[in-house]
Amino acid sequence: MTNFQTTFGTPKPVIAMVHLGALPGSPLYDVDQGLEGIVAGALDDLDALQTAGVDAVMFGNENDRPYELSVDPASVATMAFVIGKLRDRITVPYGVNVLWDPDMTVALAAATGSAFCREIFTGTYASDMGMWAPDAGRALRYRSRLRRDDLLMLYNVSAEFADSLDRRPLPDRARSAVFSSVPDAVLVSGQITGEAARMEDLEAVKSALPDTPVLANTGVKHDTVAEVMRIADGCVVGSSLKVDGHTWNAVDPDRARDFMDRARAAR
């Protein structure tokens, strides 16, 4: 818990998503708005989230649908460019996630000075993107080669858009991941972005890992954040803070502020 608590500076942190606009090379990329449009949208969301008092932010490429398991280097370069443009405005710990590529996530974290990163690092899955078999050993060795042993690794152990081919119960898979590669936190997700993890899954994983931070990774809502905080060691939140609670909208400052008021009261 020590590195986790030191990085976030608070018990049970709320990590808020800054969903970048679709990046060059992805089908939804808006050529007319270009890179400056992506930067402007990200800056508006960042300012709204920090004003609301979130504990950390995480930059992700959720708009790069359909997702890839081996991400185009242009996407990673663009994410680094955008984060670099925002760097002077970031006042909280920040992390990154390049969906769904562990090596590129680590590379981006190293390039941008991120404090933490999130990905699917372990397991084998049948997914919308095809057969999915990440390599935690390679990603961790890459982190070492990049001299970023201080980079916190947040392991999502219940992949979105996928079904695990490993039929061990989720708590056993989470416990095994911690034993084999010692992540700094374990994340529990719902089936897709914006859908909640089952409370019983969150409870079971936390029970199996009393000494490892366990966070709810998707679908935490205003009316469930108190229950989530009772069980988990924090949460990652994106959709609930958006206009109308819709994943692809901009951050709603009022919704973000209300969510943080409830989160602080709960913890």
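Numbers for the structure displayed
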| item | result |
| --- | --- |
| Pick from region 35-76, criterion in a helix (DSSP H, G or I) and β-branched (Val, Ile, Thr), ranking: surrounded by the most Cβ atoms within 10 Å (Cβ to Cβ) | ILE38 |
| Test: residue in region 233-248 that is surrounded by fewer than 23 Cβ atoms within 10 Å (Cβ to Cβ), in contact with a Lys or Arg (Cβ under 6 Å, 6 or more places away or on another chain) and without any contact (Cβ under 8 Å) to a residue 60 or more places away in the chain | no |
| Selection from region 179-203 of residues that are in a helix (DSSP H, G or I) and crowded, with 19+ Cβ neighbours inside 10 Å | ASP201, LEU202 |
| Restricting region 133-168 to residues that are aromatic (Phe, Trp, Tyr) and within 18 Å of the chain's Cα centre (by Cα), the residue that is surrounded by the fewest Cβ atoms within 10 Å (Cβ to Cβ) | PHE161 |
| Lone unmet requirement of (1) of a type in the set (A, V, I, L, M, F, W, C); (2) farther than 24 Å from PHE161 by Cα; (3) in a helix (DSSP H, G or I) for ALA107 | (2) |
| Cross-chain or 6+ apart pairs with Cβ under 8 Å, region 57-69 first and farther than 15 Å from ILE38 by Cα and in contact (Cβ under 8 Å) with a residue 12 or more places away in the chain, then surrounded by fewer than 20 Cβ atoms within 10 Å (Cβ to Cβ) and of a type in the set (Asp, Glu) | PRO66/ASP128; TYR67/ASP128 |
| Residue ID - nearest to the chain's Cα centre (by Cα), chosen from residues in region 80-104 that are surrounded by fewer than 20 Cβ atoms within 10 Å (Cβ to Cβ), in a loop (DSSP other than H, G, I, E, B) and hydrophobic (A, V, I, L, M, F, W, C) | VAL92 |
| Of all residues making up region 69-91, the number that are out of contact with any Phe, Trp or Tyr (no Cβ under 9 Å at 6 or more places or on another chain) and of a type in the set (A, V, I, L, M) | 5 |
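Any read-out appearing in this document is the output of simple, stated calculations on the displayed coordinates, not a laboratory observation. Bear in mind that the values here come from a model prediction, so they are computed numbers and not experimental data. Note that we place each Cβ from the backbone using ideal geometry, even for glycine, and neighbour counts take in every protein chain shown.
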